[in-house]
Every structure is written in structure tokens, then in C-alpha cells.
Amino acid sequence: MGEKTSAIPAFWLAVTEVNSPPVKSFNARLSEHISATGSHLCVGLDINPEALQMNYSTLDDLKAHTRKVIKATAGLAAVYKPNLAFFERWGSAGIEWLEETMEWIGDSALTIGDAKRGDIGNTARQYAASLFEYFGFDAVTVNPYMGRDAIEPFTQASEKGVFVLCRTSNASAGDIQDNEINGERIFESVARLVSKLNSNDNLGLVVGGTSAAEIAGIRELAPGLPFLIPGIGAQGGDLETSFRSGNTNGIAVINVSRSIIFAGNQGSKDIRAEAQRYVKIMQDLK
């Protein structure tokens, strides 16, 4: 004979549901987090043995450097952006490294899973479950080439964010993004589409700092959407223009990867000093 179980009264469930605090959208969470930390810095975790230039050959070495970067930038980085390719390269051991990285970051900052997923339907839903539910990222990057079907599966939970590739920072971005349809360039069409799809207040745009002159125009098409701006630092993006335009009628986080994570002789003091330098520049631009 099994143990007796007591059912929870329906009225109590109703009261609990009514009294539960409303879920904050990702865009609201990001805005509040930036205000609380006073930082717009996103540190990209793109750590590979070739860039370390110290004959690092084991995952333990890469893990040690990752942890060093996170500790050195603690309190300075509003966001961390692990690039999944750098972890997936190592197979199951790399996935374990990513899991550990997420634990090291903890609740100290928001996280963006830089996965650039771009599939649709059930496949996209599986990607979303992996990135949001298993790994616990606060936001992800998504490729919109297949249209809204490649975006919407990631937007269902309003507290989770989606940064859609719009005007990217790579040299050949214009091969496709600059092409015009009905007098509008493709990246401008993406900005309009994402703005229309933002019913859950959790969509944003990836806009490269190497195309800083175009950020103001994209901002006009997508007022209020957060921008993730890569291409600053080693790629030579315009930090001042990117920051000012991105934070006009909206907020922007500025991603810096190599210039910080491989700073100086790769000691913790060098990494922290470089992160502090970027934070101060941005604070002075406000």
C-alpha cells in the first residue's frame, strides 16, 4: 500500500501563480545589469592554443587560461561570450570545458552563447533547448538567412535573449549583406524584420564595429533593440562611433576578445589592466 499524498488545493495554486513575480524580459535584464555594473564590456572567450603562443597543447592549459581570464575580468565584464566553436573543436572534452566555464562565470555576469545557429523547425528548437536549458546561456547568436523560422524558436522564453546577425564585422560581409532588394540593403531588411518580431522584448542585433558608420542608420530602423557590437580591438573597429551610435535610443554591449584575453604577456594583471582600459574609455564616452 502506497503512502498517502495530499493534493495542493487549487485555490492555493492560483494564489501562488498570482503572487509570483513577473518574469523580466532579457532586454530589461540586460539594461538593468548594465546600469548596475556601470559596464558595457562583453569579453569574448575565444581561447585557442595557437593564439596563446606558449606551446599550450592540453585542454588543462586552455582551461587554466580561461579561468584566469574570468577571474581577471570579474567585476569589469557585464557579459561573457563563449564562442562554441573553440570548445566544440575538442569534442566531448571541450563540452566539459564549456560546462566548467559556465560554472566559473556563475551569476557574476550575463552570458551569450556565440553559436550563430541558423536552422529551422524542430532542429532550431533542439538548439534552443541545448543552449538555454542545458548550458544555461542568457542569450545566443542566431543567423537569419532562413528567415523568421530560424529566429522564432529561440524567442519563446522572454527572459532569454537572441542576438540576430545583421551587419557583421568580417571583411566579406558585403558580399551578401550589401545587396539591395526593393531599394533596401539586406542588412537593413534584417533590422526591420527583427524589430517587428520583438514581441517578447528579447531580440537584439549583431552589428560590427568595423561598420561603425552604418550603426546609426541601423539604430533608426531598430530603435530600442540592444546591439552586440563585435570587431573592436584586434579587428580594428571604431570604438567611439560604435559606442555612441549603439547607445543612442537603445543600449549596446561592446565585445572585445583577443585584445583582452591575450593581453600583454598573458598574466592576470595585463588582462585586467586591458579590460579596465576599455571600461574606462566607454565610461568616459557616456
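The values are calculated or read from the model by the stated rules, or taken from the named source; none is laboratory data. Everything quoted here is computed from the prediction, not taken from an experiment. All Cβ positions, glycine included, derive from the backbone under ideal geometry; neighbour counts span all protein chains shown.
Some notes on this structure:
- Residue that is surrounded by the fewest Cβ atoms within 10 Å (Cβ to Cβ) [pool: residues in region 211-229 that are β-branched (V, I, T) and within 12 Å of R244 (Cα to Cα)]: I215
- Positions within region 83-107 being surrounded by 16 or more Cβ atoms within 10 Å (Cβ to Cβ) and hydroxyl-bearing (S, T, Y), in sequence order: T101
- In region 47-74, the qualifying residues are those that are at pLDDT below 95 and under 20 Å from the mean Cα position of the chain (by Cα), and the one that is farthest from F132 (Cα to Cα) is N48.
- Among residues that are among the hydroxyl-bearing types (S, T, Y) and either closer than 23 Å to S31 by Cα or under 14 Å from the mean Cα position of the chain (by Cα) (or both), T101 is not included.
- Residue under evaluation G236, criteria (1) of a type in the set (G, A, S); (2) modelled with pLDDT of 95 or more; (3) more than 18 Å from the chain's Cα centre (by Cα), criterion not met: (2)
- In region 115-158, the residues that are in contact with a strand residue (DSSP E or B) (Cβ under 7 Å, 6 or more places away or on another chain) and either touching a residue at least 60 places away in the same chain (Cβ under 8 Å) or of a type in the set (K, R) (or both): K116, R117, D138, A139, T141
- Residue that is surrounded by the most Cβ atoms within 10 Å (Cβ to Cβ) [pool: residues in region 259-286 that are more than 23 Å from N247 (Cα to Cα) and of a type outside the set (A, V, I, L, M, F, W, C)]: R272
- Number of residues in region 22-68 that are of a type in the set (A, V, I, L, M, F, W, C), surrounded by fewer than 20 Cβ atoms within 10 Å (Cβ to Cβ) and closer than 14 Å to R258 by Cβ equals 2.
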